[in-house]
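Below is one structure, written out as structure tokens; the observations come after it.
Derivation of every value follows stated rules applied to the coordinates shown; laboratory data play no part. Just so it is clear, the model here is predicted, and its values are computed rather than measured. Here the Cβ is made from the backbone with ideal geometry for all residues, glycine too, and neighbour counts use every protein chain on show.
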Amino acid sequence: MFILLLAYTGLRWGEASALKVGRVDLDACRAHIVEAYAEDNGKLYLATPKNHERRSVPIPRFLADELKPHVKGRGDDDLLFTAPQGGPLRARNFRQRFFAPAVVKAGLGHLKVTPHKLRHTAASLAIAGGADVNVVQTMLGHKSATLTLDTYGHLFPDRLDEVSKKMHKRRSKQLAKAKAKLEKAERKAREAAEAVAALEEDAA
């Protein structure tokens with residue numbers, strides 16, 4: 001489930017491993033990122049997220065539903081995910097003992113997938129789902145939208161066709177509305193002319 005969290009939220013390892021039960025609102029499908037684990041000479045310590053950006057990150061409904069049994073009965077200050085022996089997950093240990101073997105077993109070893117690359121997976125899924133650059137920026141905790149565009153800009157051009165189609169659809173709708181309005185006016189004018197002609201004929 002930890003892997004799904006990384007792949008669908010775009011959290012950095014330190015942010016995800018520091019996430020506490022009380023900072024996850026599963027009904028609202030949000031994770032509130034206020035701190036992250038960092039490492040110095042093999043020692044873990046809590047710090048603010050990168051760029052000092054506290055943020056709220058969306059959690060897909062299916063994942064929120066899967067997490068509910070996982071957090072049931074646990075305290076708000078408990079870590080959402082812990083190492084097998086307790087305490088925070090360490091990136092190197094997790095990657096060597098669990099992640100890398102799972103990647104090889106899945107036949108994806110040649111792709112050199114790492115936990116950090118799951119941030120790219122999350123960004124790609126968000127963009128494919130219609131998220132704009134500002135949403136992706138907030139989701140990933142980037143300092144600026146420029147960084148987001150520099151990294152994922154190549155994923156956005158596919159939406160140019162979508163924009164042109166929407167513009168065409170909107171214009172077609174406006175033209176159809178204007179045409180209907182004109183036809184209605186012409187019909188009323190024709191009916192008025194016919195009524196006048198009938199009156200003149202009766203008068204004659």
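Based solely on its DSSP helices, what 222 nm [θ] is calculated for the chain when runs of n ≥ 4 H residues each add -39,500 (n - 2.57) and the sum is averaged over all residues, nearest 500 deg cm²/dmol? Write out the running numbers ahead of the final one.
Details: 9 runs with 106 residues, N = 204.
Theoretical 222 nm ellipticity from helices: -16000 deg cm²/dmol.
Determine which lysines satisfy two conditions relative to Lys169: a Cα distance under 30 Å, and not lying fewer than 8 residues away in the same chain.
Excluding near neighbours in sequence, the set is Lys177, Lys179, Lys181, Lys184, Lys188.
Rank the residues His110, His142 as a footprinting-exposure proxy: fewest other Cβ atoms within 10 Å of their Cβ go first.
So the ranking, lowest neighbour count to highest, is His110, His142.
Pick out, from Ala100, Gln85, Thr48, the residue whose Cα sits farthest towards the positive end of the charge dipole of the range 45-120, with +1 on the Cβ of Lys and Arg and -1 on the Cβ of Asp and Glu.
The Cα lying farthest towards the positive end belongs to Ala100.
Charges at C-beta only: +1 for Lys and Arg, -1 for Asp and Glu. How large is the resulting dipole of the chain about its Cα centre, in Debye rounded to 20?
Using Cβ point charges on Lys, Arg, Asp and Glu, the chain gives about 800 debye.
Dipole of the chain (Lys/Arg Cβ +1, Asp/Glu Cβ -1, origin at the Cα centre): which of Val196, Ala185, Pro115 lies farthest to the positive side?
Of the candidates, Pro115 comes out farthest on the positive side.
Binning at 10 angstrom from zero up to the longest distance, how are the C-alpha pair distances of the range 159-203 distributed in percent?
Reading the bins upward from 0: 25, 25, 18, 15, 11, 6, 1.
Using the alpha-carbon centroid of each, what span in Å lies between the range 1-74 and the range 139-154?
Cα centres, the range 1-74 to the range 139-154: 20 Å.
Which pairs, out of Lys20/Lys112; Lys112/Lys143; Lys20/Lys117; Lys68/Lys165; Lys105/Lys166, put more than 32 Å between their alpha-carbon atoms?
Working: Lys20/Lys112 30 Å; Lys112/Lys143 27 Å; Lys20/Lys117 23 Å; Lys68/Lys165 40 Å; Lys105/Lys166 44 Å.
The answer is Lys68/Lys165; Lys105/Lys166.
For the chain, what is the convex hull volume of its Cα atoms per residue in Å³?
Per-residue hull volume (Cα only) is 216 Å³.
Relative contact order of the chain: what whole-number percent is it, with Cα pairs under 8 angstrom and at least 6 residues apart? It would help to have the intermediate numbers written out before the result.
Details: 207 pairs, mean separation 45.5, N = 204.
Value for the chain: 22 percent.
Find me the longest stretch of the chain that has none of the exposed trypsin sites (Lys or Arg not before Pro), where exposed means in a DSSP loop (not H, G, I, E or B) with at most 16 other Cβ atoms within 10 Å.
Working: sites that count: Arg54, Lys72, Arg74, Lys112, Lys117, Lys143.
By the stated rule (loop sites, at most 16 other Cβ atoms within 10 Å), 144-204.
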